[in-house]
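Everything below concerns the one structure shown next.
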Amino acid sequence: MNIEKVMVIGAGQMGAGIAHVCAQAGFHVRLYDNQAKALEKGINTIEKLLQRSVDKQRMTEQEKNETFTRIQAVDTLWEGSKADLIIEAVIENMDVKTDIFQQLDHIAPTHAILASNTSSLPITEIAAATERPEQVIGMHFMNPVPVMKLVEIIRGLQTSDQTYQAIDQMAKALNKTPVVVNDFPGFVSNRILMPMINEAIYTLYEGIATVEDIDTSMKLGMNHPMGPLTLADFIGLDTCLYIMEVLHEGFADSKYRPCPLLRQYVKAGWLGKKSGRGFYTYTKLYTNA
Ligand code: CAA
């Protein structure tokens, strides 16, 4: 299948990043968000990052302009009627996602593939909300999308080989490295990453070491680019808790129980970098630029 026109649903950090890499790879992209402010912010972020690439001489001014003009901000899902591939990157809520997929199923051309950037929700269940489950697939990008090489491709129970092949090729065209994963809680990346982060939080909770020393242990001892508590703040503590709950419930195994300290921080509104406080405090509120 030939993918030329892509639509991205949700202009947050992940959606904007996905639109950015698609446009940079030569695809025509429509970026949709139901909130005008989010759409504007997403577009501004892409423009700033492209300008940064020009400033760093990784891209010419002309390439930047061509890339940027391939992205069109749109305010209606009906723009999906022209897409070959639609990638959804909205909040991690099954009701919201199934509602969007049902609408897209009616709007999108019959050949179009519907992909979700979900980090932990079952693709099989999202697919079941549509009349084309064989054309529904997970395409899980990592944050920050323009930098991270991995795309986890998640095959739902009914995803066809043809859909998988098209998305595998698409991920490679985006200059990413795809891995293929079956549809089980947390897939691969979050099944391994989140228990590590949760264990780091337990290590803090039990008074074994300070925030800084836990992070230094993993940064310098294991060569991780960020310590687990810095990374948790970067991802968002609400997201970390949510994914731990998906693992805990999905496997019904106490080894995935979320640390009480993580719960407490989320209840306090300490959500990490985006709220200005998590395991660290951030004087400048986080922006995705
Ligand atoms: N968007 C685009 N580019 C960004 C960026 C962003 N938000 N943040 C950093 N970059 C770029 C910078 O421009 C810089 O590029 P150049 O060197 O070419 O200028 C490069 O990344 C390195 O940035 P910095 O020098 O500022 O900082 P750094 O060396 O510490 O790298 C990092 C930053 C890439 C984020 C690095 O710390 C890292 O890899 N951290 C781990 C990130 C990670 O694990 N992500 C996965 C999270 S889990 C997930 O996404 C899945 C899920 O479902 C929860």
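Could you list which residues have their amide H under 5 Å from that of residue 73, counting only those 5 or more apart in sequence or on another chain, with H placed in the peptide plane?
The list, which skips near neighbours in sequence, is 31.
Which ordering of 157, 231 is given by a fewest-first count of other beta-carbon atoms within 10 Å?
The fewest-first ordering by Cβ neighbours comes to 157, 231.
Just the Kirkwood number for segment 205-247, please: inverse of mean 1/r across all distinct Cα pairs, in Å, one decimal.
11.1
To the nearest Å, what is the center-to-center distance of segment 232-287 and segment 93-111, using C-alpha atoms only?
So the two Cα centres are separated by 29 Å.
Starting from the amide H of residue 236, placed 1.01 Å from N in the peptide plane, find each other amide H under 5 Å away whose residue is 5 or more places distant or on another chain.
273
Normalising by the residue count of the chain, find the relative contact order in percent from Cα pairs under 8 Å and 6+ residues apart.
Computed over the chain, the figure is 14 percent.
Run the reach check for residue 274 against lysines, Cα to Cα strictly under 26 Å, same-chain hits fewer than 8 apart removed. What comes back?
Here the lysines satisfying the reach criterion relative to residue 274 are 37, 41, 48, 97, 149, 219, 284.
State the three equivalent ellipsoid semi-axes of segment 140-289, derived from the C-alpha gyration tensor as the square roots of 5 times its eigenvalues, in descending order and whole Å. Kindly include the intermediate steps, with their values, before the conclusion.
Details: eigenvalues 171, 71, 40 Å².
Whole-Å semi-axes of the equivalent ellipsoid: 29, 19, 14.
Let me understand segment 5-182 better: what is its radius of gyration from the alpha carbons, and its Dmax, in angstrom?
Cα-based Rg and Dmax for segment 5-182 come out at 15.2, 46 Å.
How big is the Kirkwood radius of segment 189-275, worked out from every pair of different alpha carbons and given in Å to one decimal?
Evaluated on segment 189-275, it is 12.9 Å.
For segment 199-287, what relative contact order do you get, as a whole percent, if you take Cα pairs closer than 8 Å and at least 6 residues apart?
Contact order relative to length: 25 percent.
Residue by residue through segment 210-226, what is 3J(HN,Hα) from phi via Karplus (6.51 cos²θ - 1.76 cosθ + 1.60, θ = phi - 60°)? Round to whole Hz and write x for glycine and proline.
Each residue's phi maps through the Karplus curve to give 7, 3, 5, 6, 5, 5, 4, 4, 7, 5, 8, x, 10, 6, 6, x, 10 Hz.
Rounded to whole Å, give me the distance from the Cα center of segment 166-230 to that of segment 1-59.
25
Looking at segment 45-100 from every direction and averaging, what is the projected area of its Cα convex hull in nm²?
Across all orientations, segment 45-100 yields a mean hull projection of 5.3 nm².
Give me, ordered by chain and number, the residues 5 or more places off residue 113 or on other chains with an amide H under 5 Å from its own placed amide H.
Amide H to amide H, under 5 Å and 5 or more residues apart or across chains, residue 113 pairs with 85, 86.
Using each residue's phi in segment 236-246, evaluate 6.51 cos²θ - 1.76 cosθ + 1.60 at θ = phi - 60° and report the 3J(HN,Hα) Karplus result to the nearest Hz, with x for Gly and Pro.
x, 5, 5, 5, 4, 4, 4, 5, 4, 5, 4
If one takes the longest principal axis of the Cα atoms in the chain, at what angle in degrees, from 0 to 90 and to the nearest 10, does the Cα axis of helix 189-205 lie?
30
Go ahead and set up a Gaussian network model of the chain, Cα springs under 10 Å, then flag whichever of 113, 100, 192 fluctuates most.
192
Can you work out ³J(HN,Hα) from phi for every residue in segment 123-135, in order, using Karplus 6.51 cos²θ - 1.76 cosθ + 1.60 and θ = phi - 60°, giving whole Hz and x for Gly and Pro?
5, 4, 6, 4, 4, 5, 7, 10, 8, 9, x, 6, 9
Let me check I have the definition right: for segment 92-172, take the eigenvalues of the Cα gyration tensor, multiply each by 5, take square roots. What are those semi-axes in whole Å, largest first?
Details: eigenvalues 78, 46, 24 Å².
Equivalent ellipsoid of segment 92-172: 20, 15, 11 Å, largest first.
I'd like the trypsin sites (Lys or Arg not before Pro) in segment 60-105 restricted to DSSP loop residues with at most 11 other Cβ atoms within 10 Å, sorted by number. Display every interim value, and only then the final one.
Details: sites: 64, 70, 82, 97; in loops: 70.
Here no loop site has a sparse enough neighbourhood.
Readers should treat all values here as calculations from the given coordinates under stated rules, not as data from a laboratory. Since the model is a prediction, treat every value here as computed from it, not as a measurement. Here the Cβ is made from the backbone with ideal geometry for all residues, glycine too, and neighbour counts use every protein chain on show.
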